[in-house]
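What follows is a single structure, written as structure tokens, with notes after it.
Where a number appears in this text, it was derived from the coordinates with a stated rule and is not lab data. Everything quoted here is computed from the prediction, not taken from an experiment. Ideal geometry is used to build each Cβ from the backbone, glycine not excepted, and the neighbour counts take in all protein chains shown.
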Amino acid sequence: MRLPLELRPADDRRSLADTLAEFGTAVLYGVSQPKVLALFRLAIAEVDRTPTVAQTLHSNARKANRAALTDFLAAAQARGLIAGEPAVMATQFLALLWGDLLIQMLLRVADTPSRPEIERRSRSATEMLLRLYPQPKPVGSSLSKK
């Protein structure tokens, strides 16, 4: 479930979108696997007796993936590709990516999405995030020349 934590830096908005979509696809695909969902269910069921299971799952997978995404977005922001607070953008991207799907899968009221559905969700979350956070305008671009 843990993804490689090195996301290649984006050079332009297109590579930013491509990397976000790849990241989203990997997250959805990895977490949607039956063994991973079973681990989430176990962590939830045993949280009162053995909280370390949930803490380990959160720290070693969820926090690490979120940190990698935050770092990637911070680097894109430093390159002038996106404007916004990287940690907030990472949280919003994951919310857009998942919606209510994870809860539905944990409750077994939704099936694991197909690979095309995972890719569609990831592209959609990417497009929405990039609409929410456009590329900053260069300084002085809004000034008219006289």
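Numbers below:
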read-out	value
Net length gained if the chain between GLU46 and ALA87 were fully extended (0.36 nm per residue, minus Cα distance)	11.8 nm
Positive-end residue of LEU94, PRO134, LEU42, charge dipole of the chain with Cβ unit charges	PRO134
Value of relative contact order over the chain, rounded to a whole percent, pairs C-alpha under 8 Å and six or more apart	33 percent
For region 76-117: span of alpha carbons on each principal axis (Å, largest first)	41, 21, 9
Spacing of the two label points (7 Å from each Cα toward its C-beta) at GLU127 and ASN60, in nm	3.8 nm
Nitroxide proxy distance, nm - points 7 Å out along Cα→Cβ at LYS137 and ARG13	1.4 nm
Shape call, region 13-132: gyration tensor on alpha carbons, a/c limit 1.5	oblate
Inverse mean reciprocal Cα-Cα distance (Kirkwood Rh) of region 12-60, Å	12.5 Å
Residue order, fewest to most beta carbons within 10 Å, for TYR133, TYR29	TYR29, TYR133
